[in-house]
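Everything on this sheet refers to the single structure shown next.
The values are calculated or read from the model by the stated rules, or taken from the named source; none is laboratory data. Nothing here was measured: the structure is a model prediction, and the numbers come from that model. Positions of Cβ are generated from backbone atoms using ideal geometry, with glycine treated the same way; all protein chains shown enter the neighbour counts. Surface areas here come from the heavy atoms of the whole protein model, side chains and all, with no ligands, DNA or RNA. Shrake-Rupley method; radii C 1.70, N 1.55, O 1.52, S 1.80 Å.
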Amino acid sequence: MSFDFLRSSILSSEQFDVPSLERVFSLAKRMRRIASGEVTCKVLQDNVLGSCFFEESTRTRWSSEAGFMRLGGQVITMWDPRFSSMEKKKETFEDTIRVLSGYVDVIVVRHSEIGKATIAAQYSRVPVINGGDGQGEHPTQALLDAFTIQQEVGRLNDFHIAMVGDLVRGRTVHSLLKILSLFEDVRVTLIASGKWQMPDDMVKKAEQAGCKIYQTDDFERGIKSADVIYMVRPQKERAENGESEMCDRYCLDVRVVENKCKKGVVIMHPLPRNNEIAKDVDDLPNAAYFRQAENGTLVRMALYLLIFGKEDKFV
Ligand code: NCD
């Protein structure tokens, strides 16, 4: 049976299957006019979102909150846990989540440690959405990334994607690879140098699921026949002490796009970017990363409707 979103926590991309993704994407498409404010919607007027960010965020927090508000809901944000009772009064994470879940109807949690959203879900009385747990997963980002591929390429099977950069610590590529493994004839080139490659267990799992995976550190060869290039930034904030950073040697600029890539290649990035995509790429029609960021609101709105069982009641 397909994954049922009703009152479910969203913790990992492994929860999804193709029919459940199709439900999210077809609903997300219908969110555009509500997300832009053209159409007013009050379907979540009785609901409150708890937005708990224990790690920095721009897009995930804003799109999670804006999406909830566009559907008529209210939002309470914890964007700096130093001002909660956790820091000075030493309240535990578990107690904090248990208490907060008595005040709201759904909680988005971002944390710098792997597995924290799953722990939150164990202590919460309401569904928890993983907004990124350390270098673990970022399932809602993967939803919006896959949705963007569907919109930009026109399909989610039979295409070639190159993922480039810090693939070991970039959680978005971990979650996206899991989702792409569900589709037919997806070819993935993983471009990273040395220890920045995608963890072996993730590569093996994707291969077992039917993905064709090539690993290389040769940027220009790897991107040559890609339909989509997905760049990630070096996750330097996750560096261990004294680690020298060699994970930022790839840069996509207009010269590379025009001379080394397939015509019309879709260029994606979860953002924020550092130097891995030059600013001169921004004005190309196939630079999709700002559209990708906007899609975050649509996909998260669709998720709320499914979690609250209001899929058919939003007009
Ligand atoms: C990503 C994240 O936080 O993992 N950002 C995002 O949510 N769009 C990517 C990143 O920080 O590099």
Length gained if S85 through E184 is fully extended, taking 0.36 nm per residue and subtracting the Cα-Cα distance, is 30.8 nm
Going through the cross-link list K195/K224; K178/K262; K212/K262; K116/K260, which pairs have a Cα-Cα distance over 29 Å in this structure? K116/K260
For a quick check of your reading of the filter: which GluC sites (Glu not before Pro) in the stretch 104-152 sit in a DSSP loop and have no more than 16 other Cβ atoms within 10 Å? E113
Cα-based Rg and Dmax for the chain, where Dmax is the largest Cα-Cα distance (Å): 19.2, 58
So what are the ³J(HN,Hα) numbers for the stretch 109-119, from phi and the Karplus equation (6.51, -1.76, 1.60; θ = phi - 60°), rounded to whole Hz, Gly and Pro as x? 10, 10, 8, 7, 9, 4, x, 5, 5, 5, 5
Would you work out what percent of the accessible area of the chain, with all protein chains in place, is carbon or sulfur (probe 1.4 Å)? 48 percent
Roughly how many whole Å is it from the C-alpha centroid of the stretch 275-315 to that of the stretch 139-217? 18 Å
Starting from the 7 Å offset along Cα-to-Cβ, what nm value, one decimal, do you get for the label separation of E294 and R255? 3.1 nm
Net lengthening on full extension, E14/D217 (0.36 nm per residue, minus Cα-Cα): 70.3 nm
Which lysines have a Cα lying under 20 Å from the Cα of K29, excluding residues fewer than 8 positions away in the same chain? K42, K310, K313
Points 7 angstrom from Cα along the Cβ direction at K262 and R30: gap in nanometres? 3.2 nm
The stretch 130-235: which trypsin sites (Lys or Arg not before Pro) are DSSP loop and have at most 15 other beta-carbon atoms within 10 angstrom? R155, K224
Note the full-extension length gain between V48 and K205 as 0.36 nm times their separation in residues minus their Cα-Cα distance, in nm to one decimal. 52.8 nm
Which residues' amide hydrogens lie under 5 Å from the amide hydrogen of I277, considering only partners 5 or more residues apart or on another chain, with H built in the peptide plane? L252
Amide H contacts under 5 Å for T189, placed H, 5+ residues apart: I161, A162, M163, Y214
Tilt of helix 289-307 relative to the longest C-alpha principal axis of the chain, in degrees (0 to 90, nearest 10)? 40 degrees
For the chain, find the longest principal axis of its Cα atoms and tell me its angle to the long axis of helix 59-70, 0 to 90°, nearest 10. 50 degrees
